[in-house]
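A.B. asks: Let me begin by handing over the structure; questions about it come next.
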Amino acid sequence: MSKFNYVISSHTPVSNFSTEGLFDETYEEPKQSAIDDFIEKRQALFRLIRPYESSIENIPKDLTNMIVLGSVSAVESFIRKLIRSIIINDEISKTKCEGVTLKYGAVISNQNLLMLPEALLEGYSFTNGKNIRETLKSLLGVTLKNTDTVFKEFSDVCQLRHCIVHRFGMLGSDNAMHFGLNTYKKYIEKPIVIDFDISVA
């Protein structure tokens with residue numbers, strides 16, 4: 001008996017896609033503080049919904065989802081820049097990081113001394129409050145107090161980000177368990193609907 005063969009397409013698609021050249025080689029790190037950089041990024045994100053100021057109910061759902069993604073990325077960028085700045089300027093933090101093992105590739109790609117602390121952050125993720133707290137403790141020796149509420153809320157936003165990135169905006173069962181399965185199980189495989197208050201954006 002011969003094996004079953006079925007040709008789906010008579011030709012093999014060829015792609016010339018390359019990621020080389022998709023990055024701005026002329027870009028230079030802004031000299032402003034980490035918090036000023038974060039505020040600028042946040043303002044740029046919320047400018048995207050300004051055209052809907054008079055009809056916020058018409059903001060496309062995909063656009064609000066993209067703003068959530070950008071907001072979490074802006075926080076991650078803020079944390080990275082903050083840690084880099086502290087390590088460069090604070091002798092205690094610099095000493096604390098002296099014994100940290102680094103990836104060779106991360107080191108040789110960060111020859112600029114001002115960017116070298118970025119090599120320390122390879123492999124770190126700041127998409128939940130717990131990771132941020134632990135990283136600040138391990139690299140800087142900083143223990144944050146009275147931050148449980150803000151880190152819990154940030155972790156909740158990161159769960160929304162997870163839904164958007166991995167499920168095209170639908171709530172998954174893992175995300176529902178994070179929020180509380182008894183309450184959120186009715187929303188599983190339902191899309192996120194986010195309303196922004198443009199007046200404070």
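A.B. asks: Tally time: how many residues in region 154-199 are without any contact (Cβ under 8 Å) to a residue 24 or more places away in the chain, within 29 Å of GLN43 (Cβ to Cβ) and open to solvent by 100 Å² or more (accessible area, probe 1.4 Å)?
C.D. replies: Here the count works out to 2.
A.B. asks: Of everything in region 28-61, what is assigned to a helix (DSSP H, G or I), in contact (Cβ under 8 Å) with a residue 40 or more places away in the chain, loosely packed, with under 13 Cβ neighbours inside 10 Å and not β-branched (Val, Ile, Thr)? Give them in sequence order. Show your work before the answer.
C.D. replies: Keep residues of region 28-61 that are assigned to a helix (DSSP H, G or I), which gives 34-47, 50-52, 56-58, 61.
The next check asks that each one be in contact (Cβ under 8 Å) with a residue 40 or more places away in the chain; those that pass are 34-35, 37-38, 46, 50, 52, 56, 61.
Those still in the list that are loosely packed, with under 13 Cβ neighbours inside 10 Å too: 35, 50, 61.
Result: ARG50, LYS61.
A.B. asks: Sticking with this structure for a sec: Against the definition (within 21 Å of ASN131 (Cβ to Cβ) and of a type in the set (A, V, I, L, M)), how does ILE67 come out, yes or no?
C.D. replies: No.
A.B. asks: Another question about this same structure. So, in region 134-152, of the ones that are part of a helix (DSSP H, G or I) and either aromatic (Phe, Trp, Tyr) or farther than 18 Å from SER77 by Cβ (or both), which residue ends up modelled with the lowest pLDDT?
C.D. replies: Initially, region 134-152 is screened for residues part of a helix (DSSP H, G or I), giving 134-140, 148-152.
Subset that is either aromatic (Phe, Trp, Tyr) or farther than 18 Å from SER77 by Cβ (or both): 134, 137-138, 148-149, 151-152.
On the way: GLU134: 90, LYS137: 90, SER138: 87, ASP148: 90, THR149: 93, PHE151: 91, LYS152: 92.
For region 134-152, the residue satisfying everything is SER138.
A.B. asks: I would also like to ask the following. Hey, among PHE126, PHE78, PHE46, which residue is more than 30 Å from LYS190 (Cβ to Cβ) and among the aromatic types (Phe, Trp, Tyr)? Reasoning before the result, please.
C.D. replies: On the way: PHE126 fails: more than 30 Å from LYS190 (Cβ to Cβ); PHE46 fails: more than 30 Å from LYS190 (Cβ to Cβ).
Just a single option satisfies the conditions, and that option is PHE78.
A.B. asks: Would you check if there is a residue in region 112-124 being closer than 19 Å to ILE86 by Cβ, surrounded by 15 or more Cβ atoms within 10 Å (Cβ to Cβ) and of a type in the set (Ser, Thr, Tyr)?
C.D. replies: yes
A.B. asks: Quick one: GLU134 ticks every box in (1) open to solvent by less than 80 Å² (accessible area, probe 1.4 Å); (2) free of Cβ contacts under 8 Å to residues at least 24 places away in the same chain; (3) under 19 Å from the mean Cα position of the chain (by Cα) except a single one, so which number is it?
C.D. replies: With respect to (1) open to solvent by less than 80 Å² (accessible area, probe 1.4 Å); (2) free of Cβ contacts under 8 Å to residues at least 24 places away in the same chain; (3) under 19 Å from the mean Cα position of the chain (by Cα), GLU134 is out only on (1).
The values are calculated or read from the model by the stated rules, or taken from the named source; none is laboratory data. Please read these numbers as outputs of a predicted model, since none were measured by experiment. Cβ atoms come from the backbone with ideal geometry, glycine included; neighbour counts cover every protein chain shown. Side chains are part of the model used for accessible areas, which takes the heavy atoms of the whole protein and leaves out ligands, DNA and RNA. Shrake-Rupley method; radii C 1.70, N 1.55, O 1.52, S 1.80 Å.
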